[in-house]
Amino acid sequence: MSKAAKTKQYIIEKTAPLFNTKGYAATSVSDITAITGLTKGSIYGNFNNKDEVVVEAFLYNVSIIKREIHAALNRGSNPKEALLNFVDFYRQYWEKLVASGGCALLNAATEADDHLLFLKESVQYNFNLWIQRLTGVIEEGKKQGYFKQEVVSEEIASLFIMLIEGGILLSRSLGNKKHLDVALDQITQIIHIQLANK
């Protein structure tokens, strides 16, 4: 990796947690220089503008959670276990999630809808990837006989994401994990009752 590439990566890694906790719009270039210890000239020598730093930091934040989700799904010996591991991941991830400022996708989605429109495409792309990943697991479960054939996989995958993101939002807003737990309990029931072949 070249020196320029290393500097760029350093800026992304240092600013990503800041953007997720403080907010993408609220984080200033001064905040970026303060946390990196670099000059404004060095920042703009590696990025065209703050918007570009925002997008790269968002993608970095998402890559972290994406790796964790994929690892949880891959731990299952079959598609049903994979989905249950996915639910357990969110049960165990709560404290880390709070400490890191919350779900990177949810945070960015809120800001992208309101004023950071340049970020919206990346947010939509990553939500769609998440839906596709879960849809794929459910489809594989149908092929292997774990899940009912009549299930509409993409609808269930979208429902899981809605429940998780809603649970995170309410739990963070009210300072109580129980709301996320209720959402995760609902997903577990769907896996055992609505999805699973008897």
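Calculate the translational D of the stretch 1-97 in whole µm² s⁻¹ from Stokes-Einstein, where the hydrodynamic radius comes from the Kirkwood formula applied to all Cα pairs, the temperature is 25 °C and the viscosity 0.890 mPa s.
Rounded, D is 163 µm²/s.
In nanometres, what is the gap between the two model label sites at K120 and Q92, each 7 Å from Cα along Cα-to-Cβ?
According to this spin-label approximation, the distance is 3.8 nm.
Net charge within 10 Å of V98 by Cβ-Cβ distance, Lys/Arg positive one each and Asp/Glu negative one each, not counting V98 itself?
+2
Kirkwood Rh, Cα Rg: Rg to Rh for the stretch 117-171?
The Rg/Rh ratio comes out at 1.08.
Based on Cβ point charges of +1 for Lys and Arg and -1 for Asp and Glu, what charge dipole magnitude is obtained for the chain about its Cα centre, in debye rounded to the nearest 20?
560 debye
Where is the GNM fluctuation largest for the chain (alpha-carbon springs, 10 angstrom cutoff): H70, H115, H179?
For the chain, modelled as a Gaussian network with Cα springs under 10 Å, the answer is H115.
Per residue of the stretch 64-77, what does 6.51 cos²θ - 1.76 cosθ + 1.60 with θ = phi - 60° give for ³J(HN,Hα)? Whole Hz please, x for Gly and Pro, Karplus curve as stated.
5, 5, 4, 4, 5, 5, 4, 4, 5, 5, 6, 6, x, 7
Over 24 Å between C-alpha atoms is what I'm after, so list which of K22/K96; K6/K66; K66/K96; K80/K120; K120/K148; K148/K178 land there.
K80/K120; K120/K148; K148/K178
For the stretch 46-124, what's the radius of gyration and Dmax over Cα atoms, in angstrom?
Cα-based Rg and Dmax for the stretch 46-124 come out at 14.9, 46 Å.
Under 14 Å from the Cβ of L180, count the other residues' Cβ atoms, weight Lys and Arg +1, Asp and Glu -1, and hand me the total.
Counting the neighbours of L180, the net charge comes to 0.
Under 16 Å Cα-Cα from K177, which aspartates and glutamates qualify once same-chain neighbours fewer than 8 residues away are excluded?
Within the straight-line cut-off, K177 pairs with D88, E95, E165, D185.
Tally Lys and Arg at +1 and Asp and Glu at -1 over the other residues with C-beta under 15 Å from the C-beta of T7: what net charge comes out?
Every neighbour counted, the sum reads +2.
Mind checking the dipole of the stretch 46-134: about its Cα centre, +1 per Lys or Arg Cβ, -1 per Asp or Glu Cβ, Debye to the nearest 20?
440 debye
May I ask you to work out the translational diffusion coefficient for the chain at 37 °C, viscosity 0.692 mPa s, via Stokes-Einstein with Rh from the Kirkwood sum over Cα pairs, reported in whole µm²/s?
Stokes-Einstein gives a translational diffusion coefficient of 181 µm²/s.
Please calculate how many Å² of accessible area the chain carries per residue, with a 1.4 Å probe and no DNA, RNA or ligand atoms counted.
51 Å²
Residues with amide H under 5 Å of F147's amide H, sequence separation 5 or more or different chain, H placed in the peptide plane at 1.01 Å from N; which?
K142, N197
Considering the stretch 137-198, what Rg and Dmax in Å follow from its alpha-carbon atoms?
Using the Cα atoms of the stretch 137-198, the pair Rg, Dmax is 13.3, 41 Å.
Given a 1.4 Å probe and every protein chain left where it sits, what share in percent of the accessible area of the stretch 1-128 is carbon and sulfur?
51 percent
The values are calculated or read from the model by the stated rules, or taken from the named source; none is laboratory data. Remember, predicted model here, so these are calculated numbers, not experimental data. All Cβ positions, even for glycine, are placed from backbone atoms using ideal geometry, and neighbour counts span all protein chains on display. Accessible surface is based on the protein model in full, side chains and every heavy atom, while ligands, DNA and RNA are left aside. Shrake-Rupley method; radii C 1.70, N 1.55, O 1.52, S 1.80 Å.
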